[in-house]
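Participant: Take this structure first; my questions come after.
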Amino acid sequence: MKNMDNRKYVIALMVLLVSLIFTVRLFYMQVIDDKWKDRAAEISENKVITQPARGVVYDRNNEKLISNVVYYDLRVVPNQARNIDSVSLVKLLDISMEEYVKKMNAARKYSKRKPSDLVTQIPPDEFSLIAPELYKYPGVFEIERTLRVYPKKCGAHVLGYMNEVNANDIEKNNYYKSGDFIGRMGIERYYEEVLRGQRGVKYYLQNAIGVETERYENGKYDTLAVQGKSITLGLDWELQAYGERLMQNKLGCVVAIEPSSGEILAMVSSPAYDPNLLVGRRLGENYSILEKDTLLPLFNRAASATYPPGSTFKLIMALVALQEGVITPESSFPCNKGLVGCHNHPTAGSVSDAVKMSCNPYFYAITKRIIHQGKSPNGFKDAAIGQDIWHDYVESFGIGTDLHVDFPGLSRGFVPNTAFYNDLYNQFGWQFETIYSNSIGQGEVLVTSIEMANVVAIIANRGYYYYPHFIREIEGQKAPEIYHQKNYTKVDSQWFAPIVDGMWRVVHEPNGTGSRARLDSIAVCGKTGTAENFKRINGVNHQMTDHSIFSAFAPMDKPQIAIYVYLENSGFGGTWAAPLASLMIEKYITGEISDTTKENRILNANLIPDASDILPPKQPKKRNR
Amino acid sequence: MRNQNDSSFADLDWSMVIIYFLLVGLGITNIYSSVYDPEHPALFDQITQHGKQITWLGISLFLGITIMFLETSFIKKYAYWFYWVTIVLLVAVLFTPPVNGARAWFGIGAFGIQPAEFAKIGVALALAKYLSTTDHLRSRGLQIKFSLLPGITFTRMPLPALLMLIIPALLILAQPDAGTFIIFTSFILVLYREGYAGNILLFLIIAVIIAVITLVVADSSFMIPGLKIKLSGKTGIVLSLVTLSIIFYFLIRSVVLPRNRPPLYRALIGSLIVAVIFVNFIEIGYSKILMSHQKERIDLVLGKIDDPDGKGYNINRAKAAIGSGGFFGKGYMKATLANENQGHVPMQSTDFIFCTWSEEWGFIGSFSLVLIYTFLLIKMIVIAERQRSDFTRIFAYCVTGIFFYHFMINVGMAIGLAPVIGIPLPFFSYGGSSMMSFSILYFILLKLDAERKVVLQ
């Protein structure tokens, strides 16, 4: 047997070899390779996010415009829900069997032991019907989540809405994680970071079925959630809601500003919709319905539409002419319809008269004097100099500039300057006669309704403005400093008196174009506008029914409200926009409406353009009132 | 002759006693941590596994001390009796109602007994007695000759010894308990040490290597570089074997004297044929005969499938637990995966006990435990080799083989080097039967070793 003795070494060697392999393997797994540590964390640790309550939004009278309400998500743990009665569950949850099967398959694929969403965002009233039945379905349970509610059911365009973040949001801001909600438009978007607060994180250890068992490291790495801040807006919800009511069955917008502060009192875009439509699990469905609507209810006309200002623009022309000294308040020009179309009215003997009667040739004449001041003997060069003077004046009224409005998605108007026309007609290839339409608010000039409401506020203030803004307070703190500074136009305040006088006469004198805006108790100052417009249909420009416009402020001496009303394709400014503006003014100042006939006329009017609003083709001819 | 009592303890190997209590003590504290229940915090609480394990330890110690006071001759004399008793128990257990799909348990109240655990003792004793009392290498009548290949005579195997192994192994397989069945192959080590199965061990190692390669490439195919011919993995192996044989042919031709060459050529051709048949056998067995779940276990170890939350759940969690222990571990009672309350690692107090230990004590702990077992196994070989009694030496190798297999498969399984086979880690895993059977083996070995000098007198 001697020869077999060496075999003990073979056996001992096998033992040592196995031990060596184990040691190397263990050293690799436990010390070198981090893969298993990550894997263990993934398996055993759970991060629970505490979402802070989002800030509440109040209006100027401390009424809640946006608050939070508890919704419910139903979640399911596939392993525990193996034997549930799916037919009755589907019925209870009001979903289709296909959807249920799809969700369950996805849940199983994700994890059999961890919960997945089954139905999300069930409103409390629906959940109260589901809750008593849930005990029949083991593995199905609810978790709470707060969603937005808009108790006043108005101001959708102002307030915006929220939905889930997309890949783009996550990339842009690493705060957001898949499944988070983010403010999408309006105030919800602009004040997203103020309203949302800061989420908190708690780390737990979880067991094999995903139930939390204890705090990780006694909460050493946990962070507390910071509540979102509440904000107060300058908006007056009653005025906003009333505006939306008046604007029903009309296209267009209304912007109202408090001249003494620049706070936006109302911003109506029509058609509007109930902001609560874009909350909860019907969000996607409702959104696509709104999106497909040809009247574009999701489009915020007040903030994003640029329109020709029509005759409301004449106010600026008069102020610029006075400031430049090319006319005096008493200057008179004949109503020469050969220059530009007009309606029949007596000759304007003063600026005030011209405003009152909205005389087109008068403003043609004064704008020509602004553009052609004789600074160069060459008419073309003269126009080039004058146009830039004019441009700078108009921009000093905020048109086409950054008004620092605390609102996303704002458009700017357009004020053409010399360079623009040089591009269009070559240098020195144009003069006033080429571009005269601007003088009556047609032509190349474009405005947004916020800009024009601000122009009215400037006139109400006789020469200055605050940047229009929504914010009033952020949790007791005043609005940012930028909204407390006065901005002056290039027109001295002394020149505003004749214009204001003319605006008063527009409403109150027999020949005034805006007499429908008259209120017995309040001195309303206004200016009508009627803008020609064209629509391209099948490649051909068709003239449409004019836009009906009115700018106004009231009362004449301590103005409380400046308003701009723009009704698309509704006709003469004095017919629809003026009375609508006066109703808004009365509602805001007195809180009630004295003339219900006037109110009913507006409420019952359906001014949504249809085929009949496409006028028969004709030579474009400027007429403006 | 010296007093029996004196001799029992005079030459007792106290280092073995220390290792015994060290492993059992670590085992119980580890079980305590792995199944800790705040409602039953007491160490001796009989509802808990650690409480029960202490009871089993008490019973095992009682048995161990009893063994120490037995006469060595008694153990030798009744070796076959032990064997037949365990065979009867193995047959009887097949008529009990199945628990978890296997008829492996005799239930006694809350405690259960697995006769398969005790069969190892019976076989070890019987094998030691048989091999030590007969000069088998000369009694041709009872041998079978392995000469599968022309040119190579494997060896002669004593038929009764083989039957002694095969009968209980088959009874255990009938339960079914594949884990314990595999332990019976550990007795090949004993046969090897005793002069049998010399080439079988080598043959087995080569066979395992070829089998693993075959399984890895079984479902795959590859392209020969430069040629547009697609070959299956199996063809690739066969081509490699042929290439290897050609290399050996040239080696033989250049090194070996011409007159010695023919038998080597025959051996080479024979080996090649057997190897090719073996590859086909494995490939067909794997793809046609094995059940899908058996294939999955093999695929998981080979890394062919990765399904951490499904089929690979157990092994994935076990590896995560061990790997997350790091160098220093998470600390005692701080396992977040291999813990009853967290429940990520299955059977963390029995088959996967190594996970709790390694997670809580890190590499320091796992390496120490590997060292302790390595020391124990080497110590057992030393003990075996210092015997002058054949019976004791053979028995010691049986114990060594059993412990070695348990250690190799249990730890190998937890770290993903062996398929998941449910067998306990000696003295460490919770379980009464294994505790008792390991203790009995251990104490018989101690007793026999303590009398190594008595035998001479």
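The values are calculated or read from the model by the stated rules, or taken from the named source; none is laboratory data. Everything quoted here is computed from the prediction, not taken from an experiment. Neighbour counts are summed over all protein chains in view; Cβ atoms, including those assigned to glycine, are modelled from backbone coordinates with ideal geometry.
Participant: Scan the stretch B:359-366 and give yes if some residue there is surrounded by 19 or more Cβ atoms within 10 Å (Cβ to Cβ) and touching a residue at least 60 places away in the same chain (Cβ under 8 Å), otherwise no. Lay out the reasoning, then the answer.
Facilitator: As a first pass, look at the stretch B:359-366 and keep what is surrounded by 19 or more Cβ atoms within 10 Å (Cβ to Cβ): B:359-363, B:365-366.
Okay, now just the ones that are also touching a residue at least 60 places away in the same chain (Cβ under 8 Å), so B:360.
Within the stretch B:359-366, one or more residues are surrounded by 19 or more Cβ atoms within 10 Å (Cβ to Cβ) and touching a residue at least 60 places away in the same chain (Cβ under 8 Å).
Participant: Follow-up. Determine if the stretch B:424-445 includes at least one residue that is part of a loop (DSSP other than H, G, I, E, B) and of a type in the set (Gly, Ala, Ser).
Facilitator: In the first step, residues of the stretch B:424-445 are kept if they are part of a loop (DSSP other than H, G, I, E, B); the result is B:424-431.
Narrowing the set further to residues that are of a type in the set (Gly, Ala, Ser) leaves B:429, B:431.
Among the residues of the stretch B:424-445, at least one is part of a loop (DSSP other than H, G, I, E, B) and of a type in the set (Gly, Ala, Ser), which makes the answer yes.
Participant: Among the numbered criteria (1) out of contact with any helix residue (DSSP H, G or I) (no Cβ under 8 Å at 6 or more places or on another chain); (2) modelled with pLDDT of 80 or more, which single criterion is violated by B:ALA211?
Facilitator: (1)
Participant: Taking the stretch A:216-226, which residues are of a type outside the set (Gly, Ala, Ser) and loosely packed, with under 15 Cβ neighbours inside 10 Å? I'd like the intermediate steps shown before the answer.
Facilitator: Of the stretch A:216-226, the ones of a type outside the set (Gly, Ala, Ser) are A:216-218, A:220-224, A:226.
Scanning the stretch A:216-226 gives A:GLU217, A:ASN218, A:LYS220, A:TYR221, A:THR223, A:LEU224, A:VAL226.
Participant: Which condition breaks for A:GLY574 when tested against (1) modelled with pLDDT of 95 or more; (2) surrounded by 22 or more Cβ atoms within 10 Å (Cβ to Cβ)?
Facilitator: Failed condition: (1).
Participant: Quick check: anything in the stretch A:522-536 within 23 Å of A:LEU235 (Cα to Cα), in a strand (DSSP E or B) and in the same structural domain as A:ALA241 (by TED's automatic domain parsing)?
Facilitator: Yes, the conditions are met somewhere in the stretch A:522-536.
Participant: Additional query: Condition first: more than 11 Å from every other protein chain (Cβ to nearest Cβ) and in contact with a strand residue (DSSP E or B) (Cβ under 7 Å, 6 or more places away or on another chain). Now tell me which residues in the stretch A:196-211 satisfy that. Can you show your working first?
Facilitator: First pass over the stretch A:196-211, keeping only residues more than 11 Å from every other protein chain (Cβ to nearest Cβ): A:196-203.
Within the stretch A:196-211, A:GLY197, A:GLN198, A:ARG199, A:GLY200, A:VAL201, A:LYS202, A:TYR203 meet the criteria.
Participant: Does B:ASN280 fit the bill of being within 12 Å of chain A (Cβ to nearest Cβ), polar (S, T, N, Q) and out of contact with any Gly (no Cβ under 8 Å at 6 or more places or on another chain)?
Facilitator: Details: within 12 Å of chain A (Cβ to nearest Cβ): no; polar (S, T, N, Q): yes; out of contact with any Gly (no Cβ under 8 Å at 6 or more places or on another chain): yes.
No; evaluated as a whole, the condition is false for this residue.
Participant: Take the residues of the stretch A:27-68 that are aromatic (Phe, Trp, Tyr) and out of contact with any helix residue (DSSP H, G or I) (no Cβ under 7 Å at 6 or more places or on another chain): which is modelled with the lowest pLDDT? If you could, list the steps in order and put the result at the bottom.
Facilitator: Keep residues of the stretch A:27-68 that are aromatic (Phe, Trp, Tyr), which gives A:27-28, A:36, A:58.
Adding the requirement that they be out of contact with any helix residue (DSSP H, G or I) (no Cβ under 7 Å at 6 or more places or on another chain) leaves A:28, A:58.
Values: A:TYR28: 90, A:TYR58: 95.
If we take residues in the stretch A:27-68 being aromatic (Phe, Trp, Tyr) and out of contact with any helix residue (DSSP H, G or I) (no Cβ under 7 Å at 6 or more places or on another chain), then A:TYR28 is modelled with the lowest pLDDT.
Participant: Take residues that are assigned by TED's automatic domain parsing to the domain that holds A:ARG75, under 27 Å from A:VAL56 (Cβ atoms) and among the acidic types (Asp, Glu) and tell me which of the helices (runs of 4 or more DSSP H) falling wholly in the stretch A:112-207 contain 3 or more.
Facilitator: Values: elements: A:124-130, A:156-159, A:167-172, A:186-190, A:192-196.
Hits in the stretch A:112-207: none.
Participant: Among the helices (runs of 4 or more DSSP H) confined wholly to the stretch A:274-328, which include 1 or more residues that are under 30 Å from A:VAL69 (Cβ atoms) and within 27 Å of the chain's Cα centre (by Cα)?
Facilitator: Numbers: elements: A:283-292, A:301-304, A:314-324.
Of the helices (runs of 4 or more DSSP H) lying wholly inside the stretch A:274-328, those with at least 1 residues that are under 30 Å from A:VAL69 (Cβ atoms) and within 27 Å of the chain's Cα centre (by Cα) span A:283-292, A:301-304.
Participant: What are the residues in the stretch B:326-344 that are out of contact with any strand residue (DSSP E or B) (no Cβ under 8 Å at 6 or more places or on another chain), at the interface with chain A (Cβ under 10 Å from one of its Cβ atoms) and farther than 22 Å from B:VAL24 by Cβ, if any?
Facilitator: Of everything in the stretch B:326-344, those that are out of contact with any strand residue (DSSP E or B) (no Cβ under 8 Å at 6 or more places or on another chain), at the interface with chain A (Cβ under 10 Å from one of its Cβ atoms) and farther than 22 Å from B:VAL24 by Cβ turn out to be B:GLY326, B:PHE327, B:PHE328, B:LYS330, B:LEU337, B:GLY343, B:HIS344.
Participant: Hey, another quick one. Testing A:PHE420 on (1) touching a residue at least 40 places away in the same chain (Cβ under 8 Å); (2) in contact with a strand residue (DSSP E or B) (Cβ under 9 Å, 6 or more places away or on another chain); (3) part of a helix (DSSP H, G or I), one condition comes back false. Which one is that?
Facilitator: Of (1) touching a residue at least 40 places away in the same chain (Cβ under 8 Å); (2) in contact with a strand residue (DSSP E or B) (Cβ under 9 Å, 6 or more places away or on another chain); (3) part of a helix (DSSP H, G or I), only one is false for A:PHE420: (1).
Participant: Scan the stretch B:307-347 for residues that are under 26 Å from the mean Cα position of the chain (by Cα) and either in a helix (DSSP H, G or I) or of a type in the set (Asp, Glu) (or both) and report the count.
Facilitator: Qualifying residue count, the stretch B:307-347: 11.
Participant: For residues in the stretch A:6-41 being more than 8 Å from chain B (Cβ to nearest Cβ) and not hydrophobic (A, V, I, L, M, F, W, C), which is nearest to the chain's Cα centre (by Cα)?
Facilitator: Across the stretch A:6-41, the extreme among qualifying residues is A:ASP38.
Participant: Please indicate, with yes or no, whether at least one residue in the stretch A:38-56 is buried (at least 21 other Cβ atoms within 10 Å of the Cβ), without any contact (Cβ under 8 Å) to a residue 40 or more places away in the chain and hydrophobic (A, V, I, L, M, F, W, C). Even if it seems obvious, please write down each step before you answer.
Facilitator: Of the stretch A:38-56, the ones buried (at least 21 other Cβ atoms within 10 Å of the Cβ) are A:40, A:43-44, A:54-55.
Within this subset, residues satisfying the condition of being without any contact (Cβ under 8 Å) to a residue 40 or more places away in the chain are A:40, A:43.
Adding the requirement that they be hydrophobic (A, V, I, L, M, F, W, C) leaves A:40, A:43.
Yes - at least one qualifying residue is present in the stretch A:38-56.
Participant: Taking A:THR401 as meeting all but one of (1) under 25 Å from A:TYR190 (Cβ atoms); (2) surrounded by 18 or more Cβ atoms within 10 Å (Cβ to Cβ), write down the number of the exception.
Facilitator: (2)
Participant: Take the conditions loosely packed, with under 12 Cβ neighbours inside 10 Å and over 29 Å from the mean Cα position of the chain (by Cα) and apply them to A:GLU144. Does it pass? Outline the logic, then answer.
Facilitator: Values: loosely packed, with under 12 Cβ neighbours inside 10 Å: yes; over 29 Å from the mean Cα position of the chain (by Cα): yes.
Taking the combined requirement at face value, the residue satisfies it.
Participant: Another question, if that's okay. Test B:ARG393 against the stated conditions and say whether it is at pLDDT below 95 and buried (at least 21 other Cβ atoms within 10 Å of the Cβ).
Facilitator: Values: at pLDDT below 95: yes; buried (at least 21 other Cβ atoms within 10 Å of the Cβ): yes.
Yes, satisfied.
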